[in-house]
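What follows is a short report on a single structure.
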Amino acid sequence: MKRSALILSVFLVHSGLATADEPVDWEMASRIRHEGFHNSLVMETLEHLTDVIGPRLTGSPAMKEANDWTRERLAHWGLENAHLESWGPFGRGWSFSRASVHMLQPRAVPLLALPKAWTPGTDGPVSGPAMKAVIADIADLEDLQGQVAGKILFIAEPREIEEPSEAAFSRHDKEQLEELAEFQVPEPRDRKAFLERMNKRRALQRAMTTFFVEEGVIAAIDISSRDGGTIRLGGAGSRDPDEDPGVPVLAMSAEQYNWILRLLEDDTEVQLEIDVVASFHDDDLLAYNTIAEMPGSGSSEEIVMVGGHLDSWHPGTGSNDNAAGCAVAMEAVRILQSLGVAPRRTIRIALWSGEEQGLLGSYHYVQEHLVARPEPQDPAERKLPIYAWKAQWPRTLKPEYEQVSAYFNLDNGSGKIRGVYTQENAALVPVFRAWLEPFADLGADTVTNRNTGGTDHLTFDRVGIPGFQFIQDDLDYFTRTHHTNFDVFDHAKADDLKQASVVLASFLYHAAMRPERLPRKPAPTEPAAEDEPEKVPEAAEKPVAPQLFH
């Protein structure tokens, strides 16, 4: 090789431009782009899931409507074996139809607050005095005995309102993507300390529920973790139909919450009226995933999977979290179906339920189809979110374990795809770089060996199946829409979702047509002894509200 050619080759490798010998079907990529940009149905799908069906809390009537509608839609587009697959029991469902909170004294003012999931309604308007009762641990409950009957408790400290900035809406710039592409060696976490924190939080939640009922508290109000009238919340009651759901618990806008606490600190009497209509749904304690597929024409026993979680929280309509990801996944398979693609491997789409309660729907799918694992023996650990469980052994591999080539997931809002995480599977770097090359002009060109967490690809990755989440522009996902009343259709970006659909469709096509199955990382090994530190899955990559752990 001439010296100039050698220098060029070294430059290409280190600049990330070399794509080894991974084949790319540029003609198909062009066809996918044309269909996805000129005949897109992604916003039509998103609008129906959000504006028509609305928030989709697992177990609620709206979630069941979403299951049925997505199944019917996928079948209408020509996918086969469209069905609902049950898992569970999940527990009772919950929904609310009214939430009205008013200040009566010192003046009449409507207040912005919404109920947390799985807490009861008020059986008509109820009123009472507001009282500050910050509860950080069980000892605080003992100090409040005999003082809270007939009161509406404000159970969190006030907090300083953040100054707004342009960073509240952001896209990755070149420097950020370059930094993201640099691998960081993961550090082990202290599992024992992690479980202690989780169990302490759960114990306090149960103690508060019992205490409020026994002491005759009217309702409890928490502060939203977002500013600007944004209400961010999750759950507070119990999904177990045999457990007392407690008293109504609401989250209030931070600015109004702070105002009421200032009044109380000045010894001003504050009277509130609350009217919440909420319903528990006990008729079916199971939950359901929507499944459909494009059968393979060659290696039909092998499978390429794609998905996102169909469930959401209830303050908004679950648009960015995660109707957007589901709409993109559905659009990706629609694009391939409309182009008459006959994939070598079966392409299977799965729209999960129970993700917001701990990746439950995808976990049970993996249990049923890929790897059977025993539940933890420790009763306390069994009550934790599944992704917090210690690795479960012994493992029983099922036939599909060797047949699944990859699972691709989208669940970080409506921002365009900028690249992909390999989850430390370095063998995939040249593969994914090649697959992204037709979309470099769309801003998708970053491959990183880093891990990311917090959503359903983890349940596949944890058992050794290649599972991937894409790098997306943040937009206002983490600052405004995640689990809030602003998670609605208006905050979704049509051009970004069209771009994501096109990139995802091409990834599915190339994974399905590739001569070999995608390479896998080393298989999981039996965990360390109980007294040794163990790495805990990184759920913090995608912010999780404390209320989720119930």
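The values are calculated or read from the model by the stated rules, or taken from the named source; none is laboratory data. All of these numbers come straight from a predicted model, not from anything done at the bench. Counting neighbours? That spans all protein chains shown, and the Cβs are built from the backbone with ideal geometry, glycine included.
So the check is Cβ under 9 Å with 6+ separation or different chains; which pairs have a first residue in the range 381-401 that's under 23 Å from L195 (Cα atoms) and a second one that's surrounded by 17 or more Cβ atoms within 10 Å (Cβ to Cβ) and hydroxyl-bearing (S, T, Y)?
I386/Y363; I386/T459; Y387/Y363; Y387/T459
So which residues in the range 136-157 are under 24 Å from E255 (Cα atoms) and surrounded by fewer than 19 Cβ atoms within 10 Å (Cβ to Cβ)?
Result: A136, E157.
With respect to K535, is the statement that it is of a type in the set (D, E, K, R), touching a Ser or Thr at 6+ places or on another chain (Cβ under 8 Å) and either at pLDDT 95 or above or outside any helix (DSSP H, G or I) (or both) true?
It is false that K535 is of a type in the set (D, E, K, R), touching a Ser or Thr at 6+ places or on another chain (Cβ under 8 Å) and either at pLDDT 95 or above or outside any helix (DSSP H, G or I) (or both).
Restricting attention to the range 330-353, does a residue exist that is more than 16 Å from M305 (Cα to Cα), free of Cβ contacts under 8 Å to residues at least 60 places away in the same chain, small (G, A, S) and surrounded by fewer than 22 Cβ atoms within 10 Å (Cβ to Cβ)?
Scanning the range 330-353 turns up at least one residue that is more than 16 Å from M305 (Cα to Cα), free of Cβ contacts under 8 Å to residues at least 60 places away in the same chain, small (G, A, S) and surrounded by fewer than 22 Cβ atoms within 10 Å (Cβ to Cβ).
Report yes if E424 is at pLDDT 95 or above, in a loop (DSSP other than H, G, I, E, B) and out of contact with any helix residue (DSSP H, G or I) (no Cβ under 6 Å at 6 or more places or on another chain), otherwise no.
Yes, satisfied.
So R56 ticks every box in (1) under 29 Å from L428 (Cβ atoms); (2) in contact (Cβ under 8 Å) with a residue 24 or more places away in the chain; (3) of a type outside the set (S, T, Y) but one. Which box is left unticked?
(1)
Is it fair to say G228 is within 21 Å of P385 (Cα to Cα), in the same structural domain as E255 (by TED's automatic domain parsing) and surrounded by 13 or more Cβ atoms within 10 Å (Cβ to Cβ)?
So G228 fails the test.
Given D244, D190, which one is over 25 Å from the mean Cα position of the chain (by Cα) and not hydroxyl-bearing (S, T, Y)?
D244
Suppose we filter the range 188-235 for residues that are outside any helix (DSSP H, G or I), within 23 Å of K151 (Cα to Cα) and of a type in the set (D, E); how many remain?
Adding up the residues that qualify gives 1.
In the range 241-284, which residues are in contact with a Gly (Cβ under 6 Å, 6 or more places away or on another chain) and either on the phi < 0 side of the Ramachandran plot or assigned by TED's automatic domain parsing to the domain that holds L84 (or both)?
P245, S253, V276, V277, A278, H281, listed by residue number.
So for the range 166-175 (the condition being charged (D, E, K, R) and either over 30 Å from G419 (Cα atoms) or at pLDDT 95 or above (or both)), does at least one residue qualify?
Among the residues of the range 166-175, not one is charged (D, E, K, R) and either over 30 Å from G419 (Cα atoms) or at pLDDT 95 or above (or both), which makes the answer no.
Which of the residues belonging to the range 135-162 are assigned to a loop (DSSP other than H, G, I, E, B) and more than 29 Å from the chain's Cα centre (by Cα)?
If the condition is that a residue be assigned to a loop (DSSP other than H, G, I, E, B) and more than 29 Å from the chain's Cα centre (by Cα), then Q145, G146, Q147, V148, A149, G150, K151 are the ones that fit.
T459 is checked against (1) closer than 30 Å to A372 by Cα; (2) part of a loop (DSSP other than H, G, I, E, B) and fails just one. What number does that condition carry?
(2)
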